[in-house]
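These notes concern the structure reproduced below.
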Amino acid sequence: GIEFVPRPDMITAVFKAMHLRVIKGYVRIPDADMQDDLAAFDPDSGILSLRESTFVAANEVVSFPPERTRARFTIAHEFGHVFLGHKRTRHRNVSGRPIEHTAAPIIREDRDADRFAAAFLAPAHLIENPVLLSVRTVSERFGLGSTAATIRLETLQRIYRRAHDIPRPIPDSVYKFLEDAAKRGA
């Protein structure tokens, strides 16, 4: 029931996931008890743990502060772990713990969950021609941060170009390389 909403309320999505038995429930954890993590999903218990500030920010529907953008993406990221069937508890964190940045399976699962989150929040069927859009437009329309909007837009543009046999544009770095080579007499 949220598939045609450009900025779905993620707390509503949590309740819908519970209703559909995708997750068993959620708990709100005081920030002091969840200092390094914004959220975490435990696949064994089926429980989504949300830091209190993440829950509050996700519920802020009047002023749309920057924290809401992060909170929405955080919840969608945890949904990524759920729907992609990741078997170990992963944390949406701010800690920079070294293990989470060096272990290849963790990095891969987190990137997959990030891609899922961007696709969940900016679904392809709500974008007619991504080649004509800017990162700012995607960011504003779907309530994504600029990094997530950039990654999502690049993905959608690649899919659109392939589907319509549109050649990929030559990157600026290639133009610069060719110009520098020409200046050297090549």
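General remarks:
- Any pair with Cβ under 9 angstrom, 6 or more apart, that starts in the stretch 148-163 at a residue that is part of a helix (DSSP H, G or I) and ends at one that is surrounded by fewer than 17 Cβ atoms within 10 Å (Cβ to Cβ) and of a type in the set (Asp, Glu): ALA149/GLU140
- A residue that is within 19 Å of GLY85 (Cβ to Cβ) and either part of a helix (DSSP H, G or I) or of a type in the set (Val, Ile, Thr) (or both) occurs somewhere in the stretch 40-52.
- Of GLY85, GLY96, all but one fail to be surrounded by fewer than 20 Cβ atoms within 10 Å (Cβ to Cβ) and either at pLDDT below 90 or of a type in the set (A, V, I, L, M, F, W, C) (or both); the exception is GLY96.
- Of all residues in the stretch 1-39, those satisfying the criterion of being under 30 Å from GLU128 (Cα atoms) and either assigned to a loop (DSSP other than H, G, I, E, B) or among the polar types (S, T, N, Q) (or both) are GLY1, ILE2, GLU3, PHE4, VAL5, PRO6, ARG7, PRO8, ASP9, THR12, LEU20, VAL22.
- Total residues in the stretch 1-18, condition of a type in the set (Val, Ile, Thr) and surrounded by 20 or more Cβ atoms within 10 Å (Cβ to Cβ): 1
- Scanning the stretch 137-145 for any residue that is open to solvent by less than 20 Å² (accessible area, probe 1.4 Å), closer than 23 Å to ILE11 by Cβ, in contact with a Gly (Cβ under 7 Å, 6 or more places away or on another chain) and in a helix (DSSP H, G or I) turns up nothing.
The values are calculated or read from the model by the stated rules, or taken from the named source; none is laboratory data. Just so it is clear, the structure is predicted and the values come from calculations on it, not from any experiment. Neighbour counts run over all protein chains shown; Cβ positions are idealised from the backbone, glycine included. Only protein heavy atoms, including side chains, enter the accessible area calculation; ligands, DNA and RNA are left aside. Shrake-Rupley method; radii C 1.70, N 1.55, O 1.52, S 1.80 Å.
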